[in-house]
Amino acid sequence: MRPTPNLLHRYANPGQFLRLAHALLPWLSSGAILFLTVGVIWGLFIAPADWQQGDTVRIMYVHVPMAWLASSCYLGLAVCGVLSLVWRHPLADLAAIEIGPVGACAAALCLITGSLWGEPMWGTWWVWDARLTSMLVLFFLYLGHIALIRAFDEPARGQRAAAILALAGVIDLPIIKFSVQWWNTLHQPDSITLTGAPTMSMMMLWPLLITTIGFTLGVAAVIFTRLSAAIHESRARQLLARSRLDRRDSQAA
C-alpha cells in the first residue's frame, strides 16, 4: 500500500490547492463581509467613545487589525521561506510573491492610521517611538522582499534571496510586540494580553475582535485569490511556451 501523503505534500500540488481555494473562497469572502459589517457598525456607531480620547479611539478598529495582519503576513513569508529553503515546496515561493504586497499594504495602513490617531493625542504625526519605528522597519522589510524576489533574471535566485531576508527579518516581530514593555514609549501598552484581563470596556473589545476576524478573513480571501490567479498564470505561460516550441519544431520539420 502507498503511504498517505501528509498535508504539506498534498497541497504542494497546484491542482489540489486550487480545489481547496475554490472550496474555501466563498466562505472566507462571506465571513469577511459579515464580520466587517457587524464590527464596523458596532465600532463606529454603537461602541462608546473613550473617556480620554473621545471618538478618536474609533481608529483602532482599523489600526489594530492592520498591525496584527502586518505581523501575521510577515510570519507567513518566513514560513514560506522555510518551506522553500528546506523542503523545496513548489508553491512556497509563489505564495511569498503574493503575500508580500498584501502584508506591505497592511503595514502601510497601520502606519497611516497610527499617525492619524497619534496627531490629536500626541500633537504630532510621527515620533521615533519604539513600536512605530519597528513597524516602519517591518514595512521596509516588506518593500525589500518585494523588490528582491523580482530582482534577478533567474527567478530561483531571487526567491532564495527573498526567503533568507524573510527569515532574517523575523527578529523584528518580537520587537514590535514587546517594545512597549521593553522601553519607555509614547505608545500605549497592550490592552489585550494572554496573561491578564483586557483593560478596555467589553463594549469596545467585542467590535475590535469582530473587525479583526473580518479583516483576517478578508486578507486570507485576497491571498487565496492572488495565489490561485498566479497558478493559472503560470500554467498559461507553460502552455504558451510549449505551444511555441511545438510550432518551432513543426516549422523545422
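Return yes when Gly169 is at pLDDT 95 or above, surrounded by 13 or more Cβ atoms within 10 Å (Cβ to Cβ) and under 22 Å from the mean Cα position of the chain (by Cα) and no when it is not.
Spelling it out, Gly169 is indeed at pLDDT 95 or above, surrounded by 13 or more Cβ atoms within 10 Å (Cβ to Cβ) and under 22 Å from the mean Cα position of the chain (by Cα).
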## Note on the structure
Of (1) free of Cβ contacts under 8 Å to residues at least 24 places away in the same chain; (2) in contact with a His (Cβ under 9 Å, 6 or more places away or on another chain), Ala161 satisfies every one except (2)
### Scan of segment 119-158 for residues that are more than 23 Å from the chain's Cα centre (by Cα), touching a residue at least 40 places away in the same chain (Cβ under 8 Å) and part of a helix (DSSP H, G or I), ordered by number
Pro120, Met121, Trp122
### Among the residues listed as Ser84, Ser71, the single one being surrounded by 17 or more Cβ atoms within 10 Å (Cβ to Cβ), touching a Leu at 6+ places or on another chain (Cβ under 6 Å), of a type in the set (Ser, Thr, Tyr) and in contact (Cβ under 8 Å) with a residue 40 or more places away in the chain
Ser71
### Message
If a residue must be open to solvent by less than 30 Å² (accessible area, probe 1.4 Å) and of a type in the set (Lys, Arg), how many such residues does segment 87-144 contain?
### Response
0
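Filter segment 77-132 for residues that are among the polar types (S, T, N, Q) and modelled with pLDDT of 90 or more; which is nearest to Gln159 (Cα to Cα)?
Top of the filtered list is Ser84.
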#### Entry: Any hit, segment 171-179, residues being of a type in the set (D, E, K, R) and closer than 26 Å to Arg58 by Cβ
yes
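The values are calculated or read from the model by the stated rules, or taken from the named source; none is laboratory data. The structure displayed is predicted, hence computed values, not measured ones. Neighbour counts are summed over all protein chains in view; Cβ atoms, including those assigned to glycine, are modelled from backbone coordinates with ideal geometry. Only protein heavy atoms, including side chains, enter the accessible area calculation; ligands, DNA and RNA are left aside. Shrake-Rupley method; radii C 1.70, N 1.55, O 1.52, S 1.80 Å.
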